[in-house]
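Novice: Have a look at this one before I ask anything.
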Amino acid sequence: MLITQVNTDFHIAFRYCRHLVEAVKNLPGRRYDPVNKFWVVPTRERAAVEAFARRYGFRMGDQSARAEMVGEIPPMPELQVEIPLAMELYHYQKQGVAYCLEHPHTIIGDKPGLGKTAQSIAAVIAQRAFPCLIIAPATLKINWAREVKQWGGDKINAIIINDKNRRTWHLFYEAGMAQFFVVNYESLKKYFVEKFTNKEGQKLMLSHIKFRPTIDIFKSVIIDESHRCKNGSAQQSKFCMGISKEKPVTYLLSGTPLVNKPKDLIPQLHIMGMLSKFGGYKYFVNRYCSGPNEASNLRELNYLLNLHCFYQRAKEDVLKDLPAKTRQTILCDISNRKEYMDAERDLIKYLREYRDASDEQQRRAKRGEVIVRINVLRQICARGKVKEVKEFIDDLIESGEKLILFMNLIELGDAFKKLYPNAVVIRGGMSAEDKQRSVDLFQHDPVCKLAICNIKAAGVGLTLTASSRVAFVEFPWTYADCEQCEDRAHRIGQKNNVSCYYFLGEKTIDEDIYKIIQTKKSIAQTVTGTVDQVEENVVDAIMNIFNQK
């Protein structure tokens, strides 16, 4: 007499015996399958079924040995509703939103650069699932707030929860001033946990965490880089579980939800309330985490994930929808703000002296000093971005991607090389042979995921098409030079859309220069035809901005 579990049901099979039939009829939710001649009981009644098995001597079947249940994965649905967005989604993104609307508890698994952020925001807006809590890495909080504004338009706003509004943030929603609220993983305890009730030395369980009542107002939760929750015993994972519990809408975003083994998925499925679709914790472990590699029946797991709560596209799957190159700015909260502010005050002081100089000779001398101090300000800003850029690189490498990282400062290149020993470095002073060895290693060695490039030394002539990702810790003065760096990846041999990321220090000279470069990007071609003149124009524009300060 055998009981096996198939997907979300137990199958109870035995030869006819009156007292067993009467006993099965007492199990909640039971029904008889006359075709296959066995009884079916939902897995949510596991405790009752296991008690039945013990009492009447039934053997619980080896779920991991049962043949895999694999079917054809349905095509992505088409979006049937109009969503009031400020920008237009690509076709594949609309399909992703349509899936999210059909499956309001979903892992959006698209690979980096395909717009997981936009899809989750659009899906929440389409369902009016407000207020929405966005849980993201600290480095991406500002960008989430900006993305909400860009996609939502004038009527949709996001607020970052911080120490200033920790007691009052919900009032912004009640007043109709914000619909999305952004918080980083590390702050969940501070803003949403009232206390722990476990005794000293007792293992912390979810039931031991008393959350603040304010979490109940959220109708939806978006969790970015959800693979950070792969350890179910970690506090941050438990906080995400408690905050997301019984929410009508939960979207988890990760290009690599399964980092090492199928077990990584369990906490993420728990957060969405979808673990029961996979038979519950014990069944999932027995069925999908068996064998020496703790991985089994993976085709079935993939099929059920796509059926219930997951989709993923790579760039090559949607190339027809993508432009050849896309750019994204990522705002960073620099770690050396005081040093930056001191240098900014120093620059403003020199600008006054430059403006008040009595003759042209004095002005030329002062101008040279001003340019030096502008560059010093940029360098300070660049050093302050290392921590947040590292988080970005870690997530990208963990997803299996390669990255080309541009900068000017030698000390920055050294710092990143120390953090990533397997990276190649391409900088000034290297022989042509050494440069080519670095290029070849990056192009052909799967272990080498990062190329650390000096803007002048690697910005022209090299082919680095093994990556379709280009990032700038520092960036050139002109649009043309930015394009030259981007085109190390965007050239013949590149099969993917190229994603370019510009890390800008928030409320720093970075934002000013990037904005000026974008507005003046056609100058070199249409006016002067030279780069040097453009640099002078940018310097003048920067001086005007700081003169106003």
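Per-residue answers, yes or no, for (1) under 24 Å from the mean Cα position of the chain (by Cα); (2) within 22 Å of E147 (Cα to Cα); (3) modelled with pLDDT under 95; (4) not polar (S, T, N, Q):
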{"residue": "F192", "(1), (2), (3), (4)": "yes, no, no, yes"}
{"residue": "E200", "(1), (2), (3), (4)": "no, no, yes, yes"}
{"residue": "L206", "(1), (2), (3), (4)": "no, no, yes, yes"}
{"residue": "R212", "(1), (2), (3), (4)": "no, no, no, yes"}
{"residue": "D216", "(1), (2), (3), (4)": "no, no, no, yes"}
{"residue": "V221", "(1), (2), (3), (4)": "yes, yes, no, yes"}
{"residue": "K238", "(1), (2), (3), (4)": "yes, no, no, yes"}
{"residue": "M241", "(1), (2), (3), (4)": "yes, no, no, yes"}
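Novice: State which residue is nearest to A123 (Cα to Cα) when the search covers only the stretch 243-266 and only residues that are over 17 Å from the mean Cα position of the chain (by Cα) and assigned to a helix (DSSP H, G or I).
Specialist: Per the criteria, the residue is S244.
Novice: If E474 satisfies every condition in (1) under 30 Å from D317 (Cα atoms); (2) at pLDDT 90 or above; (3) open to solvent by 10 Å² or more (accessible area, probe 1.4 Å); (4) in a loop (DSSP other than H, G, I, E, B) but one, which is the exception?
Specialist: If we test E474 against (1) under 30 Å from D317 (Cα atoms); (2) at pLDDT 90 or above; (3) open to solvent by 10 Å² or more (accessible area, probe 1.4 Å); (4) in a loop (DSSP other than H, G, I, E, B), just (1) comes out false.
For (1) in a strand (DSSP E or B); (2) in contact with a Phe, Trp or Tyr (Cβ under 8 Å, 6 or more places away or on another chain); (3) open to solvent by less than 90 Å² (accessible area, probe 1.4 Å); (4) in contact (Cβ under 8 Å) with a residue 60 or more places away in the chain, each residue gets a yes or a no:
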site: Q5; (1), (2), (3), (4): yes, yes, yes, yes
site: H11; (1), (2), (3), (4): yes, yes, yes, no
site: V21; (1), (2), (3), (4): no, no, yes, no
site: V35; (1), (2), (3), (4): no, no, no, no
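Novice: From (1) assigned to a helix (DSSP H, G or I); (2) open to solvent by 30 Å² or more (accessible area, probe 1.4 Å); (3) of a type in the set (A, V, I, L, M); (4) modelled with pLDDT of 95 or more, pick out the condition that doesn't hold for M177.
Specialist: (1)
Novice: Can you tell me how many residues in the stretch 186-211 are open to solvent by less than 80 Å² (accessible area, probe 1.4 Å), in a loop (DSSP other than H, G, I, E, B) and under 15 Å from M241 (Cα atoms)?
Specialist: 1
Novice: While we're here: Give me the strands (runs of 3 or more DSSP E) completely within the stretch 345-454, filtered to those with at least 3 residues that are under 20 Å from T139 (Cβ atoms), ordered by residue number.
Specialist: 403-407
Novice: Next question, about the same structure. Could you tell me whether K116 is out of contact with any strand residue (DSSP E or B) (no Cβ under 6 Å at 6 or more places or on another chain), touching a residue at least 24 places away in the same chain (Cβ under 8 Å) and either polar (S, T, N, Q) or open to solvent by 10 Å² or more (accessible area, probe 1.4 Å) (or both)?
Specialist: Considered against the rule, which asks whether it is out of contact with any strand residue (DSSP E or B) (no Cβ under 6 Å at 6 or more places or on another chain), touching a residue at least 24 places away in the same chain (Cβ under 8 Å) and either polar (S, T, N, Q) or open to solvent by 10 Å² or more (accessible area, probe 1.4 Å) (or both), K116 comes out as no.
Novice: From the list V183, V148, pick out the single residue that is within 30 Å of M76 (Cα to Cα), within 17 Å of the chain's Cα centre (by Cα) and of a type in the set (A, V, I, L, M, F, W, C).
Specialist: V148
Novice: From the list V259, V285, which residue is within 27 Å of S233 (Cα to Cα), out of contact with any Gly (no Cβ under 6 Å at 6 or more places or on another chain), touching a residue at least 24 places away in the same chain (Cβ under 8 Å) and of a type in the set (V, I, T)?
Specialist: The unique qualifying residue is V259.
Novice: Look through the stretch 299-343, keep the residues that are among the aliphatic types (A, V, I, L, M) and assigned to a strand (DSSP E or B), and return whichever of them is surrounded by the fewest Cβ atoms within 10 Å (Cβ to Cβ).
Specialist: Out of the qualifying residues, it is I330.
Novice: Based on this model, can you work out whether I516 counts as more than 24 Å from G413 (Cβ to Cβ), of a type in the set (A, V, I, L, M), open to solvent by 10 Å² or more (accessible area, probe 1.4 Å) and at pLDDT 85 or above?
Specialist: yes
Novice: Checking P28 against (1) open to solvent by 70 Å² or more (accessible area, probe 1.4 Å); (2) over 38 Å from the mean Cα position of the chain (by Cα); (3) closer than 27 Å to M272 by Cβ, which test does it fail?
Specialist: (1)
Novice: What pairs come out if I take residues in the stretch 66-79 that are closer than 16 Å to C100 by Cβ and pair them with residues that are open to solvent by 70 Å² or more (accessible area, probe 1.4 Å) and at pLDDT below 85 whose C-beta lies under 9 Å away, six or more apart or interchain?
Specialist: none
Novice: Now a separate question. Would you pick out the residues in the stretch 438-466 that are more than 16 Å from R488 (Cα to Cα) and open to solvent by 40 Å² or more (accessible area, probe 1.4 Å)?
Specialist: D445, P446, V447
Novice: Hey, among G273, G232, which residue is open to solvent by 10 Å² or more (accessible area, probe 1.4 Å) and at pLDDT below 95?
Specialist: When all the criteria are applied, what remains is G232.
Novice: Still on this model: Assess whether D512 counts as being without any contact (Cβ under 8 Å) to a residue 40 or more places away in the chain, among the charged types (D, E, K, R) and under 13 Å from I404 (Cα atoms).
Specialist: No; evaluated as a whole, the condition is false for this residue.
Novice: Open to solvent by less than 20 Å² (accessible area, probe 1.4 Å) and either aromatic (F, W, Y) or in contact with a Lys or Arg (Cβ under 6 Å, 6 or more places away or on another chain) (or both), is that true of F406?
Specialist: The answer is yes for F406.
The values are calculated or read from the model by the stated rules, or taken from the named source; none is laboratory data. Model, not experiment: these values are computed from the prediction. Note that we place each Cβ from the backbone using ideal geometry, even for glycine, and neighbour counts take in every protein chain shown. Just so you know, the surface numbers come from the protein's heavy atoms only, side chains and all, with ligands and any DNA or RNA stripped out. Shrake-Rupley method; radii C 1.70, N 1.55, O 1.52, S 1.80 Å.
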